[in-house]
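A.B. asks: Please read through the structure below; I'll follow up with questions.
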Amino acid sequence: MSTTNLSSKSASAGLFAAIAASLCCITPVFSLLAGIGGIAATFSWMEPFRPYLIVLTIGILGFAWYQKLRPKTAEEIACECDDDVKPSFWQSKRFLGIITVFAGLMLSFPSYAHIFYSNGGGQTPAASIEQDTTKTIKIVLDVKGMTCAGCEASIEHKVGLLEGVKSVDAKYAEGSATIEFLP
């Protein structure tokens, strides 16, 4: 198997691992865009595997770049039949670079997922239901299944669309959502 073919397969495997690592976080955005909110939790089971998939992605892409950039061995140089053959785009450094950038964007998705949602919260969590001077009610709900900032943004967006809701502040680390609304 040639090294260009091996690095091309490694790039594809790295891309697959990056997408798999981000499925739990990017699915809510896709379901929001498609208008099917119920599918958002489909890949949440993958969240515990995210660190391993990130390491796998980095390892595979690192190996692909090593294969692409390593100096040729004497055996590879001795074969002059490949000198005039230019590698296809799919086996080029440019394609591997595009795959690497895309994988980086997929892996960092939870940190910028909030930009896909139009509204957000900003209130600090309350201990229980309390009455406000403007006749709003503030409640804190336990929310199971949030795994990243993308989940927070998805909940804040969906609940924020409900009639009478003034603010929503979801926190995946605490597993809670604070909602201020007009009864």
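A.B. asks: So how do Tyr66, Tyr52, Tyr172, Tyr112 rank on accessible area, 1.4 Å probe, biggest first, that is with the largest at the start?
C.D. replies: Tyr52, Tyr66, Tyr172, Tyr112
A.B. asks: Here's something else I'd like to know. Given the whole protein assembly as supplied and a 1.4 Å probe, what does the accessible area of Ile58 come to in Å², nearest 10?
C.D. replies: Answer for Ile58: close to 110 Å² accessible.
A.B. asks: For labels at Ser176 and Tyr52 in the simple 7 Å Cα→Cβ model, what's the distance in nm?
C.D. replies: 3.2
A.B. asks: Among Ser154, Ser12, Ser108, what's the order by accessible area (1.4 angstrom probe), most exposed first?
C.D. replies: Ser12, Ser108, Ser154
A.B. asks: Still on this structure, please answer the following. Students often forget the sequence filter, so: which lysines lie under 17 Å Cα-Cα from Lys72 once same-chain residues fewer than 8 apart are removed?
C.D. replies: The reachable lysines, counting only those whose Cα sits under 17 Å from Lys72, are Lys86, Lys93.
A.B. asks: Could you name the lysines whose alpha carbon sits less than 17 Å from that of Lys171, not counting residues in the same chain fewer than 8 places away?
C.D. replies: The reachable lysines, counting only those whose Cα sits under 17 Å from Lys171, are Lys138, Lys144, Lys158.
The values are calculated or read from the model by the stated rules, or taken from the named source; none is laboratory data. Because the structure is a prediction, the values reported are computed rather than measured. Every residue, glycine as well, gets a Cβ built from its backbone with ideal geometry; the counts of neighbours run over all protein chains shown. Areas reflect the complete protein model, heavy atoms only, side chains present, ligands, DNA and RNA absent. Shrake-Rupley method; radii C 1.70, N 1.55, O 1.52, S 1.80 Å.
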